[in-house]
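Participant: Sharing a structure below in structure tokens format, with a few things to ask.
Each value in this text was obtained by applying a stated rule to the coordinates, not by laboratory testing. Everything numeric here is computed off the predicted structure, so don't read it as measured data. Please note: Cβ atoms are built from the backbone with ideal geometry, for glycine as well, and neighbour counts cover all protein chains shown.
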Amino acid sequence: MNIKAYAKINLSLDVTGKREDGYHLLKMVMQSIDLYDEIKVELIPKGIDLSCNLPFVPVNGKNIAHKAASAFMKRIGMSHGVRIHIEKRIPVAGGLAGGSSNAGAVLRALNELTGQPLTFQELLDLGLSLGADVPFTMTGGTALCEGIGEIITPLTDFSGHWLVLVKPPFGVSTRQIFSAFKINRVHRHPRTGRLIQGIDSGDLKMVAQNLGNVLENVTFQRRPVLRKIKQDLLLEGALGSLMSGSGPTVFGVFESEATARSAYAAFKKKYAETFLVQTISKDGLFSSF
């Protein structure tokens, strides 16, 4: 079975507290985009055989797709194995949930290949045990995600808008960024309610003006070039710009395809991992090909 694993961006990311077990409580508006990895999943007699087109991506138990397969097999008591090939297009360690989307795709594919032994809610719970972004990648579209990522509320469709993504040639550790984050140092939280109003009313400028991510300052202090990328996206005509997740990918929201293409061409000269993408709805997101 072949399945597309779509990336996401954060239109907002807020931290509202911390649980006793150390997990941060989040309030995020997440959006699927039409940048995807291709995942091929097939059953084999035994074991987990994982491969990837990128040589630096681990293909053992360190890979979240491998962890997803192992967790699913254990959950249902699966007697046979699985072969997985990942054709990566989503930047690695870019704040776009590439690994999480791979894990979600593997869980969905295995459930279908084995006759759907788990309900969708059981799949979501299994996904959450692997990572906070995994449940959203399994639902997709436009959604408010709260708690540690498990409380997902669908929002008004925000598909068809043009974005330019710029991922500089380095990755960022989500764990390290959250470890360095101090909620008492946040003086301005994202205006999530205003952002959702903009989405509901189809007001792109209102959405762009209310983008927000409380992790930006932490990541920008470590990688000042990200602040410049954000400023340059605005100079190239973006209505608004934001870092996605813990970074380092920064995106700009554009009013027209022409303006977005012009900005894309400008950034592509300097950053190889520059992408021209559109926001997409959840309809048809999970059909195999």
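Participant: Taking the Cα atoms only, what angle lies between the long axis of helix 98-113 and the longest principal axis of the chain, rounded to 10 degrees?
Facilitator: In the chain, helix 98-113 runs at an angle near 30 degrees to the longest axis.
Participant: Here's something else I'd like to know. Kirkwood hydrodynamic radius (Cα pairs, Å) of segment 9-120?
Facilitator: Numbers: mean 1/r = 0.0646 Å⁻¹.
When all Cα pairs of segment 9-120 are included, the Kirkwood radius is 15.5 Å.
Participant: If R₀ is 41 angstrom, what is the calculated FRET efficiency for the pair Glu255 and Glu38, using the beta carbon separation as r and rounding to 0.05? Walk me through the intermediate numbers first.
Facilitator: Working: r = 31 Å, r/R0 = 0.75.
Efficiency, rounded to the nearest 0.05: 0.85.
Participant: Which of the lysines could be linked to Lys18 by a straight reach, that is with a Cα gap under 23 Å, when you skip same-chain ones fewer than 8 residues away?
Facilitator: Within the straight-line cut-off, Lys18 pairs with Lys27, Lys182.
Participant: In Å and on Cα atoms, what radius of gyration and Dmax does the chain show?
Facilitator: Using the Cα atoms of the chain, the pair Rg, Dmax is 18.5, 56 Å.
Participant: Give me the distance in nm between label points sitting 7 Å out from Cα along the Cα-to-Cβ direction at Asn60 and Ile151, one decimal.
Facilitator: So the label points at Asn60 and Ile151 sit 4.0 nm apart.
Participant: Shifting gears a bit: What number, in percent, do you get for the relative contact order of segment 112-176 if the mean sequence gap of Cα pairs under 8 Å and at least 6 apart is divided by its residue count?
Facilitator: Values: 44 pairs, mean separation 12.6, N = 65.
Computed over segment 112-176, the figure is 19 percent.
Participant: Based on alpha-carbon centroids, what's the gap between segment 87-113 and segment 16-61 in Å, whole number please?
Facilitator: Segment 87-113 and segment 16-61 have Cα centres separated by 5 Å.
Participant: In deg cm²/dmol and to the nearest 500, what is the mean residue ellipticity at 222 nm of the chain if only DSSP H runs of at least 4 residues count, each as -39500 (n - 2.57), divided by the residue total?
Facilitator: Working: 10 runs with 97 residues, N = 289.
Computed mean residue ellipticity for the chain: -9500 deg cm²/dmol.
Participant: On to the next question. At R0 = 35 Å, how high is the FRET efficiency between Thr16 and Asp283 if r is their beta carbon distance? Nearest 0.05 is fine.
Facilitator: Details: r = 30 Å, r/R0 = 0.87.
The pair Thr16/Asp283 has a calculated efficiency of 0.70.
Participant: Starting from the Cα of Tyr23, move 7 Å in the Cα-to-Cβ direction to define the label point; list residues of segment 96-127 whose amide nitrogen is under 14 Å from there.
Facilitator: 124-127
Participant: What's log10 of I(q)/I(0) for segment 54-199 at q = 0.15, 0.17, 0.18 Å⁻¹, Debye sum over Cα points only, no solvent?
Facilitator: Computed log10 I(q)/I(0) values: -0.93, -1.15, -1.24.
Participant: While we're on this one: If r is the Cβ-Cβ distance from Ala180 to Ser70 and R0 is 30 Å, what FRET efficiency results, to the nearest 0.05?
Facilitator: Working: r = 30 Å, r/R0 = 1.01.
Computed FRET efficiency for Ala180 and Ser70 comes out at 0.50.
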